[in-house]
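Asker: Submitted below is the structure of interest, expressed as structure tokens.
The values are calculated or read from the model by the stated rules, or taken from the named source; none is laboratory data. These numbers were taken from a predicted model, which means no experiment stands behind them. Cβ coordinates were reconstructed from backbone atoms using ideal geometry, including for glycine residues, and neighbour counts include every protein chain displayed. We work out accessible area using only protein heavy atoms, side chains counted, and drop any ligands, DNA or RNA first. Shrake-Rupley method; radii C 1.70, N 1.55, O 1.52, S 1.80 Å.
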Amino acid sequence: MARGRYAPSPTGRIHLGNASTALVSWLSVRARGGTYVMRIEDLDSPRVVPGALDALLGDLAWLGLDWDEGPYVQSDRRPVYDAAFETLRREGHVYPCFCSRRDIQAAASAPQVPGDEVVYPETCRAVDPAVAAARIARGDAHAFRFRVDGDPPGFDDRVAGRFDPPPGSIGDFVVRRADGVPAYQLAVVADDAAMEIDEVVRARDLLASTSRQLLIYDALGRVPPSFAHVPLLLGPDGVRLSKRHHGVTLAELREAGVSAEAIVGRLAHLLGLRKTEAPVEARALADGFDLDALGGVTDRIV
Ligand code: GLU
């Protein structure tokens, strides 16, 4: 049974970039006659905006994207992530890390490009387990990191093509934060596995994360879904639309009198699904939709 999902974070209103990803994930499930699951990823609580959850569900429904299951809300599902974490811990895939962000920056060998993720220098891998246990017992703050040995896996993306992470680009990564909250990488895998998602469609900015997630699937003994990372929409300056940058929200467009069909028509055109930008209902695009049609599409300026 085909099962896909959309997994928004309730950190603001939905903009055209989010809508484009949601549309593609929905079309792919509907074209396969499958089940569309809605999952709200709200574990990063400082970024959660009150009211954003209801607003984003309203925006998606207005656009014509309906779902069959959910919304599941990650903050209600901690036992699922705790169980996955315990499996990783039992099997020796994780170790406690006492480093602060500042320690990690300071230990990084090369000067960092601002915004680039620092590859963790593995400082705490070398901590003797008895010393680590004593530090935990005395209450030292600690995250848990996944041990990445060797070159992390590449994969064939349905839309982005072959992706092989550059050697050395993926260090030991956090699966449980120091406040005990599961990190995105763990929660997303535990959920996609528990919800039996067979195809993950999401935005291209998460392409590199997928190699980390494949390591977690393997460590949990689960078969990964297929992945399709859809092109991003960029602002006029070439920077990706985000909730903080150029992201014209669906709510603003709706208030300005733009119809849902007009937005779907524009997105379908930007995604290369249609030659024209003419208004169209989402449902009308589902028949014959094929993810592979997005293969040649690059990030687009809106
Ligand atoms: N919650 C993530 C986001 O809003 C998406 C995660 C995913 O689709 O795997 O960017």
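Asker: Take ASP103 and tell me if it is modelled with pLDDT under 95 and assigned to a helix (DSSP H, G or I). Please lay out each step first, then the result.
Answerer: Values: modelled with pLDDT under 95: yes; assigned to a helix (DSSP H, G or I): yes.
Considered against the rule, which asks whether it is modelled with pLDDT under 95 and assigned to a helix (DSSP H, G or I), ASP103 comes out as yes.
Asker: Could you please find all residues in the range 137-162 being open to solvent by 40 Å² or more (accessible area, probe 1.4 Å) and more than 22 Å from ALA187 (Cβ to Cβ)?
Answerer: Matches in the range 137-162: ALA137, ARG138, GLY139, ASP149, GLY150, ASP151, ASP156, ARG158, ARG162.
Asker: Turning to a different aspect of this structure: Restricting the search to the range 180-203, which residues are out of contact with any strand residue (DSSP E or B) (no Cβ under 7 Å at 6 or more places or on another chain) and either among the acidic types (Asp, Glu) or more than 8 Å from the ligand (Cβ to nearest atom) (or both)? First the steps, then the outcome.
Answerer: Looking only at the range 180-203, we keep the residues that are out of contact with any strand residue (DSSP E or B) (no Cβ under 7 Å at 6 or more places or on another chain), and these are 180-181, 184, 187-190, 193-194.
Selection gives GLY180, VAL181, ALA187, VAL189, ALA190, ALA193, ALA194.
Asker: Follow-up question, since we're still on this one. Just the residues that are touching a strand residue (DSSP E or B) at 6+ places or on another chain (Cβ under 6 Å) and β-branched (Val, Ile, Thr), please, taken from the range 169-179. Explain how you work it out, then say what you get.
Answerer: Taking the range 169-179 first, the residues touching a strand residue (DSSP E or B) at 6+ places or on another chain (Cβ under 6 Å) are 172-178.
VAL174, VAL175 - these are the residues of the range 169-179 that are touching a strand residue (DSSP E or B) at 6+ places or on another chain (Cβ under 6 Å) and β-branched (Val, Ile, Thr).
Asker: Of all residues in the range 37-52, count the ones that are surrounded by 18 or more Cβ atoms within 10 Å (Cβ to Cβ) and outside any loop (DSSP other than H, G, I, E, B).
Answerer: 5
Asker: Additional query: Show me the helices (runs of 4 or more DSSP H) found entirely inside the range 186-302 where at least 1 residues are polar (S, T, N, Q).
Answerer: Result: 209-220.
Asker: Further question on the same structure: Counting only residues that are assigned to a strand (DSSP E or B), touching a helix residue (DSSP H, G or I) at 6+ places or on another chain (Cβ under 7 Å) and either polar (S, T, N, Q) or open to solvent by 20 Å² or more (accessible area, probe 1.4 Å) (or both), how many does the range 168-185 have? Before you say what the answer is, go through the steps one by one.
Answerer: As a first pass, look at the range 168-185 and keep what is assigned to a strand (DSSP E or B): 173-176, 182.
After this cut, where a residue has to be touching a helix residue (DSSP H, G or I) at 6+ places or on another chain (Cβ under 7 Å) as well, the list is 173, 175-176, 182.
Next, from what is left, pick out any that are either polar (S, T, N, Q) or open to solvent by 20 Å² or more (accessible area, probe 1.4 Å) (or both): 176.
Residues flagged as assigned to a strand (DSSP E or B), touching a helix residue (DSSP H, G or I) at 6+ places or on another chain (Cβ under 7 Å) and either polar (S, T, N, Q) or open to solvent by 20 Å² or more (accessible area, probe 1.4 Å) (or both) within the range 168-185 amount to 1.
Asker: Consider only pairs whose beta carbons are under 8 Å apart and that are at least six residues apart or on different chains; among these, list those whose first residue lies in the range 197-210 and is without any contact (Cβ under 8 Å) to a residue 60 or more places away in the chain and whose second residue is open to solvent by 10 Å² or more (accessible area, probe 1.4 Å) and within 8 Å of the ligand (Cβ to nearest atom).
Answerer: So the pair list comes out as SER209/TYR184.
Asker: Within the range 20-39, can you find the residues that are within 11 Å of the ligand (Cβ to nearest atom) and of a type in the set (Lys, Arg)?
Answerer: ARG39
Asker: Ok, one more. Let me spell it out: the conditions are (1) surrounded by 16 or more Cβ atoms within 10 Å (Cβ to Cβ); (2) within 16 Å of the ligand (Cβ to nearest atom), and PRO165 meets all of them except one. Which number is the exception?
Answerer: (2)
Asker: Same structure again: Tally the residues that are over 12 Å from the mean Cα position of the chain (by Cα), touching a residue at least 60 places away in the same chain (Cβ under 8 Å) and open to solvent by less than 30 Å² (accessible area, probe 1.4 Å), restricting the search to the range 217-229.
Answerer: 1
Asker: Please pick out the residue among GLY12, GLY4, GLY70, GLY17 that is assigned to a strand (DSSP E or B) and within 11 Å of the ligand (Cβ to nearest atom).
Answerer: On the way: GLY12 fails: assigned to a strand (DSSP E or B); GLY70 fails: within 11 Å of the ligand (Cβ to nearest atom); GLY17 fails: assigned to a strand (DSSP E or B).
Being assigned to a strand (DSSP E or B) and within 11 Å of the ligand (Cβ to nearest atom) holds for just one of GLY12, GLY4, GLY70, GLY17, which is GLY4.
Asker: Name the single residue that is nearest to the chain's Cα centre (by Cα) among those in the range 204-216 being more than 9 Å from the ligand (Cβ to nearest atom) and of a type in the set (Gly, Ala, Ser).
Answerer: Taking the candidates together, the pick is ALA208.
Asker: If you don't mind, another one. Being more than 15 Å from the ligand (Cβ to nearest atom) and exposed (fewer than 13 other Cβ atoms within 10 Å of the Cβ) is the requirement here; does ARG102 meet it?
Answerer: On the way: more than 15 Å from the ligand (Cβ to nearest atom): yes; exposed (fewer than 13 other Cβ atoms within 10 Å of the Cβ): yes.
Spelling it out, ARG102 is indeed more than 15 Å from the ligand (Cβ to nearest atom) and exposed (fewer than 13 other Cβ atoms within 10 Å of the Cβ).
Asker: Does THR249 fit the bill of being open to solvent by less than 30 Å² (accessible area, probe 1.4 Å), among the hydroxyl-bearing types (Ser, Thr, Tyr) and either touching a Phe, Trp or Tyr at 6+ places or on another chain (Cβ under 7 Å) or at positive phi (or both)?
Answerer: Numbers: open to solvent by less than 30 Å² (accessible area, probe 1.4 Å): yes; among the hydroxyl-bearing types (Ser, Thr, Tyr): yes; either touching a Phe, Trp or Tyr at 6+ places or on another chain (Cβ under 7 Å) or at positive phi (or both): no.
No.
Asker: Sticking with this one: Just checking, how many residues over the range 274-286 are touching a residue at least 40 places away in the same chain (Cβ under 8 Å) and either more than 18 Å from ARG32 (Cβ to Cβ) or open to solvent by 30 Å² or more (accessible area, probe 1.4 Å) (or both)?
Answerer: Qualifying residue count, the range 274-286: 2.
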